[in-house]
Amino acid sequence: MKDELSGDWDAAADAQGQAFPFTLTLRVEGDKVTGSSSSQLGNSTISSGSWKDGKLAVILEGGNGQIALIATMIDGKLVGDYDYSGQLQGKWVAAKKKP
């Protein structure tokens, strides 16, 4: 099975109407996902993650709390929702960087 998920992604979250850009680096082993994220707020590490049936679910451990990301692969893009420590929720989308 081809691994469409591993690699670097250019992502943006909708933070109350503002686009918040971040980079997501994902590695898949079986249905387990590891990796990290970086943004203007700093770097976060994926503490737990899964990739099953075209659905991604990861928890990022940031300096200011946990960020939960869920997404579905649609036409090669990740599209989904996030929850930032229960304080901020919204949509996010990511496109894979060209190698």
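Readers should treat all values here as calculations from the given coordinates under stated rules, not as data from a laboratory. Since this is a predicted model, take the numbers as computed values, not measurements. Here Cβ is always computed from backbone atoms with ideal geometry, including for glycine, and neighbour counts include all displayed protein chains.
When the residues of region 80-93 are narrowed to those that are over 14 Å from Ala19 (Cα atoms) and loosely packed, with under 14 Cβ neighbours inside 10 Å, which ends up nearest to the chain's Cα centre (by Cα)? Of everything passing the filter in region 80-93, Ser85 is nearest to the chain's Cα centre (by Cα). The C-beta contact set for region 1-24 (first residue of a type in the set (Ser, Thr, Tyr), second residue surrounded by 16 or more Cβ atoms within 10 Å (Cβ to Cβ), distance under 6 angstrom, 6+ apart or interchain) comprises Ser6/Leu26; Ser6/Val28. Of the residues making up region 50-68, those that are under 16 Å from Asp31 (Cα atoms) and either part of a strand (DSSP E or B) or touching a Gly at 6+ places or on another chain (Cβ under 8 Å) (or both) number 8.
Candidates are the residues of region 2-36 that are assigned to a strand (DSSP E or B) and charged (D, E, K, R); the one that is farthest from the chain's Cα centre (by Cα) is Glu29.
When Trp51 is tested against (1) over 25 Å from Lys2 (Cβ atoms); (2) over 9 Å from the mean Cα position of the chain (by Cα); (3) aromatic (Phe, Trp, Tyr), just one condition goes unmet, and that condition is (1).
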